[in-house]
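Engineer: Take a look at the following structure, please.
The values are calculated or read from the model by the stated rules, or taken from the named source; none is laboratory data. Just so we're clear, the structure is a prediction, and the values are computed from it rather than from any experiment. Ideal geometry is used to build each Cβ from the backbone, glycine not excepted, and the neighbour counts take in all protein chains shown. These accessible areas exclude ligands, DNA and RNA; they are computed on the full protein's heavy atoms, side chains included. Shrake-Rupley method; radii C 1.70, N 1.55, O 1.52, S 1.80 Å.
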Amino acid sequence: MAAKFERFASAEKGNGLRATHEIHAGELLYTAEPLAYCVSNTCAKDLCHSCFSRRKTLLRCSQCKVARYCDVTCQKQAWSDHKRECKCLRSLHPRIPTDSVRLAARIIFRLLSPSQTSPGLCSLEEHESHLCDMGEERREGLSQLSSMLQLYIQQEVPNITQELPAVDPLSLLAKLTCNCFTISDGELREIGVGLYPSMSLLNHDCRPSCVMLFEGETLHLRAVRDMQPAEELTISYIGTLAPTRDRRTQLEEQYHFTCQCQRCTTADMDPVMLCGEEKAWTPLREAIPTLENWQTQACWNELLYECSSLLDPLDGDVPAVPDCNVYRLRVTDLALDACINLAAWDTALAYGTITLEPYRQYYPDPHPAHAIQLMRVAKLQHFLVHLGDAQHTLRLAYDIMKVTHGNQHPLTSDLIRKLEECRAELDRA
């Protein structure tokens, strides 16, 4: 595929990528393999460490007892990346390093085998560490991770300063915090982390022109709107369902810049995102970290009970919070997730339906999160035999997904099959 973009430098943002040709919404602009990647510890027992397939039964590496694979074929394909790592994991057993330490180690192992690396638009050496911009507490945290990294790789790289003089473990970890990408599955659930050096050139915008999707560890960059030559390609580094202050704070803390995109400078969506009385939505905002922790731990009954209490308070003196308030929307999403996991289908559909209008408002351009939300609701409608509603919702999802995922993506194929099922069932009705 001939590239339709180029690297450029600007005084305001530093390096970036811009269009060299006319680009159309839905166009696949780039496909990239990572310099290194690893499965997230949170789902390491459920996913193949080679192809990221989710399976109930996986073969476990007989040596380290950590890596898991679909079959012998996947295990052989992963061996070049896992060989050194396996010995390091055995040395720390039963402890398992953090995702960032494991990813950094894999990068070091890759750099020790130059034939496995290929040049791109940007090299690892060009990445900024931003160590000088970090506070003392964060630097101390990275320093501890650096010590863990050196302990972890000691069996394979006893003296990194001699074997890779250009690589400083602390600087490498700092670079990863600013430049690595979360690898997600088709439904945007986190499954791993990876470093894609060329794609690190993409700058941030809270209303981006492009989105990234993954198939396994392979990254696909797609345009979500038409672009003209010289227009910058942007992605969003963070979730954008948050008011301006929250987005800017997260970007400043993790990426060390103050966002000056149009959405942040105008704060145009804040009146809608923060609608309702502050005293009414503050308890929702404050509860979200606890609710998300219960979600991570799969405490579905507790999660649903607390979400229900927050969404429908018994205190009649508390004013209602509109459904489009972002904190209420987040709690409603968590309630939906709990209901699905508890097989409370009717309640799940009620919560899911409430979210659709806010999602439409907050994602004016095609966005994977909007498509996934529509598909979740459509599946509930289909299961509960609301066939006309399901067909309508699936069509809305497809209109977005053909742009964000492309027609060849497995999730798009699944959606098309669902549409055909609906059509056939409606014809029989």
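Engineer: Just to verify a result, which residue in the stretch 304-317, among those that are over 25 Å from residue 244 (Cβ atoms) and not in a loop (DSSP other than H, G, I, E, B), is most open to solvent (accessible area, probe 1.4 Å)?
Structural biologist: So, considering only residues that are over 25 Å from residue 244 (Cβ atoms) and not in a loop (DSSP other than H, G, I, E, B), the one most open to solvent (accessible area, probe 1.4 Å) is 305.
Engineer: Same structure, new question: Checking the structure you have, find out if any residue of the stretch 241-260 is within 28 Å of residue 26 (Cβ to Cβ) and among the small types (Gly, Ala, Ser).
Structural biologist: yes
Engineer: Among the candidates 351, 359, which residue alone is crowded, with 22+ Cβ neighbours inside 10 Å, aromatic (Phe, Trp, Tyr), modelled with pLDDT of 95 or more and assigned to a helix (DSSP H, G or I)?
Structural biologist: Answer to the check: 351.
Engineer: Applying the selection to the stretch 362-381, what residues are open to solvent by 30 Å² or more (accessible area, probe 1.4 Å) and either farther than 21 Å from residue 267 by Cα or not assigned by the TED database to the domain that holds residue 421 (or both)?
Structural biologist: 376, 379
Engineer: Is it the case that the stretch 70-90 has a residue that's outside the structural domain of residue 14 (by the TED database), within 18 Å of residue 178 (Cβ to Cβ) and open to solvent by 70 Å² or more (accessible area, probe 1.4 Å)?
Structural biologist: no
Engineer: Considering only the stretch 328-348, state which residues are of a type outside the set (S, T, N, Q), open to solvent by 20 Å² or more (accessible area, probe 1.4 Å) and assigned to a helix (DSSP H, G or I).
Structural biologist: 328, 330, 337, 340, 345, 346
Engineer: From (1) of a type outside the set (Ser, Thr, Tyr); (2) in contact (Cβ under 8 Å) with a residue 40 or more places away in the chain; (3) open to solvent by 10 Å² or more (accessible area, probe 1.4 Å), pick out the condition that doesn't hold for residue 59.
Structural biologist: Single failed check for residue 59: (2).
Quick grid of which residues meet (1) closer than 28 Å to residue 10 by Cβ; (2) without any contact (Cβ under 8 Å) to a residue 24 or more places away in the chain; (3) in contact with a helix residue (DSSP H, G or I) (Cβ under 6 Å, 6 or more places away or on another chain):
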position: 203; (1), (2), (3): yes, no, no
position: 207; (1), (2), (3): yes, no, yes
position: 215; (1), (2), (3): no, no, no
position: 218; (1), (2), (3): no, no, no
position: 246; (1), (2), (3): yes, yes, no
position: 254; (1), (2), (3): yes, no, no
position: 281; (1), (2), (3): no, no, yes
position: 288; (1), (2), (3): no, no, yes
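Engineer: Looking at (1) under 20 Å from residue 103 (Cα atoms); (2) in the same structural domain as residue 133 (by the TED database); (3) not aliphatic (A, V, I, L, M), find the lone condition where residue 237 falls short.
Structural biologist: Single failed check for residue 237: (2).
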